[in-house]
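Reading through the C-alpha cells given below for one structure.
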Amino acid sequence: MTFVITQRCCNDASCVVACPVDCIRPTPGQPDFATTEMLYIDPLTCIDCGACVPACPVNAIYPETELPASLERYRDINANWFEENPLAPVPAIAPAPEPPAGRRGQLKVAIVGAGPAGCYAAEELLAHAGVEVSMIEKLPTPFGLVRAGVAPDHAGTKDVTGAFEAALNRDEFRYYLNVEVDRHITRDELLNHHHAVVYAVGASTDRPLGVPGEDLPGSHSATEFVSWYNGHPGYADRTFDLSGERVVIVGNGNVALDIARILTADPDHLATTDIADHALEALRQSKVREVVLLGRRGPAQAAYTSPEFLALGHLSGVDVVIDVSELTLDDATAALMEAASPSLRLKLTLAHEFAERPSDPNRKRIVFRYLVSPTAITGGEYVNAVELVHNALVEESGVMRAVPTARTESLPASLVLRSIGYQGVPVEGLPFDDQRGVVPNDGGRVTGADDAPLRGLYVTGWVKRGATGVIGSNKADARETVDHLLADFDAGRLEQPTRDRADLTHTLLARQPDLVGRVGWHLIDRAETARGNLAGRPRVKFTAVSDMVAVARAARRPTTSNQPVPEGN
Ligand code: NAP
C-alpha cells in the first residue's frame, strides 16, 4: 500500500519534512520545485506509515485504497512522475545556525499584509526564539486570497489557515487588522517600532488586455468577479449580468477555471459552501449555459494545471467541450513534446479525452478554445460579442509565442471576464519594477536603484516574485526572505527600534479606533461560522467592514475613561 498526493496539493512541502523515508518529490531546493504543479509520493519507497497525512495542511493525501473515484487517477500520476525522475537522495539542507543565546535579543518585525505570504513569513519568523511580529492588514480579517481568492467550492484548500494558527496565536504575535499603512501609519513610523518591515501585499490588480471595448459595461476583470463571489468588502456591491447564455473568459489559467466552475455549478451545491450570499442569489437567477475560455496559445502551452483541468471532468451536470481540430500540434511544439514532463503530457491526454467525450445539449458546457486572441470587445451600451483573431505559434528563444493570422471570428457573448493574470501595484516609498509588477529585490531584500539592499525593507509572496504559484509556494519564498532578514539582524545591519509595542498599539488605536486585533478577529470568525452552522454551510461571511467591526467591538473591555482600551490581541 502507498499514500497518494492528490488535486488539492498546496506545494508547501510540510509532507516532505514529515516523511521518514524521504520519498516525496520534488523538495524545496530541487530545481523542479519552483515550477512543479504538485508534489508526488514514490509508491516503491513509501512505507505506508501515514506520517505525511497529518502534516498536509489541506488534506490532499490519501491511502491508495481510500482514494475517492474522482481522485483514482492520482495513483498513476504519482507513480508516473518517478518513472521519469527516479528517486535519489537529496542532500539535506542544513538549518540556519541559531545565534548564541542572548545574541539575537528581541527582533521586532512588522509584516504588511495578512494573506498566505504574510502568514508564512510570520510562521517562519516565529519559529526562532526572541522574535516579535506585528501583522498589519487593511481588512478587518486575515488570510487574504485564502479568504477572497480561493474558490468557494475548494473548501479543502482553505484549511491551510489551520496550519498558521499555532504561530498566529503566540504571545509574540499581534494582529493590527483594519489598519492601512500610509493612512494610519507610515513606513518610517513602522521602522521606529520594528527592526524591519516585510511587505506581503500581493498583486492586487489585473493586467490590462489593451483592446477596444475592454471597459464596456459587461466586460470585467477576473479580480472583480472572484472578489465579488468571495464576499470581499471592496467588491460586494458589484453586479454582473448573468441573464445571457454565454460568458467568455479571456485566458485559461487556474483563475479562469475557477470562474468557469462557479458560473456552471449547481447553485444548490454552492449553497453548501462559503460563497457570498449576494453571489449565491445572483447565481440562482443565472441563465448562463456556456462558458468559453480563450487561450491565446495551444493546448500544450495552456496556463491551467493538470490537477485543475482533470477535476473539471468530474463536475456534475457540466460537459467539458473541446474541438479536436484545435488540438493538432504545430511542428515545433510536437518536437518539444518529446522531452515534455509527465504533467504536460497529462494535460494533452486530458484535452484529447475531453474532445472525444460526447456532449449532452441538456447539460451546461465549459468550452476550451485554443490559439485565439480577442482583438475587440464590442457592443452598444453593453457587451454583445468578442472579436477574435486566430493565432499561429512561433518559437522565440525556446518559448512558443502567439502571432495573429488573417483568420478572424466574432463570438457573441453577454458577459466578458478578463482573466489574464494579476499584477502588483507600486508600494508607497518603495522602488517598483513596472514591467514585472514587483518590488525589485534580491532574495526578498528590497533593492534600490544601485541594486544595493535598502536597510530594513523586505518583500515576500507575489509582490516579490510575481503572480505565480500556488498557496504553499509562499512557504519556501517566505523562508528565503526570513533567512536574509535574520542574517541582516545577526550581522547588526538593522537599526534598533526606538519605540515599543504598547506604544504602537496606542498610536494605532488613537488613529483607528476600529482597529481589530486577535480577539476581534476570533469574534468575527466565530460569528461567521455560527451563521454558517444555522444554514448548513462552513461559514456565512460578513461582506461589510462596518458589520465586521461591530462584531469585533465586543472584544473591547468597558472603560471608565475615554481612552480606548487595547483588546487582548
Ligand atoms: P496565469 O496562470 O498567469 O494565466 C494567465 C492567462 O492569461 C494565460 O492563459 C495567459 O496566456 C493569458 N494571457 C495573458 N496575457 C494575455 C493577453 N494579452 N491576451 C490573451 N491572453 C493573455 O494567471 P491566473 O489564472 O490569474 O493565476 C495566477 C496564479 O494563481 C497561477 O500561478 C495559478 O496557478 C494560481 N492559482 C492556482 C489555483 C489553484 O491551484 N486551484 C487557483 C487560482 C489561481 P499565456 O500563457 O499565453 O501568457
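The values are calculated or read from the model by the stated rules, or taken from the named source; none is laboratory data. Everything quoted here is computed from the prediction, not taken from an experiment. Every residue, glycine among them, receives a Cβ derived from its backbone with ideal geometry; neighbour counts consider all protein chains shown. Please note that ligands, DNA and RNA were not included when accessible areas were found on the heavy atoms of the full protein model with its side chains. Shrake-Rupley method; radii C 1.70, N 1.55, O 1.52, S 1.80 Å.
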Look at the range 486-524 and say how many of its residues are under 15 Å from Leu107 (Cβ atoms), assigned to a helix (DSSP H, G or I) and of a type in the set (D, E, K, R). 3
So which residues in the range 27-41 are open to solvent by less than 20 Å² (accessible area, probe 1.4 Å) and either under 26 Å from Gly313 (Cβ atoms) or assigned to a helix (DSSP H, G or I) (or both), if there are any at all? Met38, Leu39, Tyr40, Ile41
When you look at Val389, is it crowded, with 19+ Cβ neighbours inside 10 Å and free of Cβ contacts under 8 Å to residues at least 24 places away in the same chain, yes or no? yes
Conditions first: (1) in contact (Cβ under 8 Å) with a residue 24 or more places away in the chain; (2) among the small types (Gly, Ala, Ser); (3) over 19 Å from Gly251 (Cα atoms). Ser373 passes all but one, so which condition is the exception? (3)
If you scan the range 539-559, which residues turn out to be modelled with pLDDT under 95 and among the aliphatic types (A, V, I, L, M)? Ala554, Ala555
Has the range 298-317 got any residue that is more than 15 Å from the ligand (Cβ to nearest atom), touching a Leu at 6+ places or on another chain (Cβ under 9 Å) and open to solvent by 30 Å² or more (accessible area, probe 1.4 Å)? no
What are the pairs with Cβ atoms under 7 angstrom where one residue, in the range 138-165, is in the same structural domain as Thr272 (by TED's automatic domain parsing) and the other, located anywhere, is within 15 Å of the ligand (Cβ to nearest atom)? Sequence gap at least six, or different chains. none
If Pro426 meets every condition in (1) buried (at least 17 other Cβ atoms within 10 Å of the Cβ); (2) of a type outside the set (Phe, Trp, Tyr); (3) closer than 29 Å to Ser219 by Cβ apart from one, which number is that one? (1)
Residues in the range 16-39 that are away from the ligand (no atom under 16 Å from the Cβ) and farther than 17 Å from Pro116 by Cβ: how many? 15
Test: Glu338 is open to solvent by 30 Å² or more (accessible area, probe 1.4 Å) and either touching a residue at least 12 places away in the same chain (Cβ under 8 Å) or under 23 Å from Cys9 (Cβ atoms) (or both): no
Within the group Val403, Val367, which residue is surrounded by 15 or more Cβ atoms within 10 Å (Cβ to Cβ) and at pLDDT 95 or above? Val367
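Being near the ligand (Cβ under 9 Å from one of its atoms) and either assigned by TED's automatic domain parsing to the domain that holds Val320 or in contact (Cβ under 8 Å) with a residue 24 or more places away in the chain (or both), is that true of even one residue in the range 275-286?
Here is the first cut: in the range 275-286, the residues near the ligand (Cβ under 9 Å from one of its atoms) are none.
No, the conditions are met nowhere in the range 275-286.
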Does Val197 satisfy the condition of being touching a helix residue (DSSP H, G or I) at 6+ places or on another chain (Cβ under 9 Å) and open to solvent by less than 10 Å² (accessible area, probe 1.4 Å)? yes
Listing of strands (runs of 3 or more DSSP E) fully contained in the range 346-465 that carry 1 or more residues being within 15 Å of the ligand (Cβ to nearest atom): 364-369, 372-379, 383-396, 399-412, 415-418
Output for Cβ contacts, cut-off 9 Å, separation at least six or different chains, first residue at negative phi and without any contact (Cβ under 8 Å) to a residue 60 or more places away in the chain in the range 414-426, second more than 10 Å from the ligand (Cβ to nearest atom) and open to solvent by less than 20 Å² (accessible area, probe 1.4 Å), reads Pro426/Val439
Considering the range 236-258, residues that are within 16 Å of the ligand (Cβ to nearest atom) and outside any strand (DSSP E or B), and then whichever is surrounded by the fewest Cβ atoms within 10 Å (Cβ to Cβ), we arrive at Asn254
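Residues checked against (1) away from the ligand (no atom under 16 Å from the Cβ); (2) not in a loop (DSSP other than H, G, I, E, B):
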{"position": "Ser227", "(1), (2)": "no, yes"}
{"position": "Gly234", "(1), (2)": "yes, no"}
{"position": "Arg261", "(1), (2)": "no, yes"}
{"position": "Asp268", "(1), (2)": "yes, yes"}
Restricting to the range 410-448, what's the tally of residues that are closer than 24 Å to Tyr304 by Cα and among the aromatic types (Phe, Trp, Tyr)? 1
Among (1) at pLDDT 95 or above; (2) more than 21 Å from Ala476 (Cα to Cα), the one test that Pro100 misses: (1)
Scanning the range 59-78 for residues that are among the charged types (D, E, K, R) and in a loop (DSSP other than H, G, I, E, B) gives Glu72, Arg73
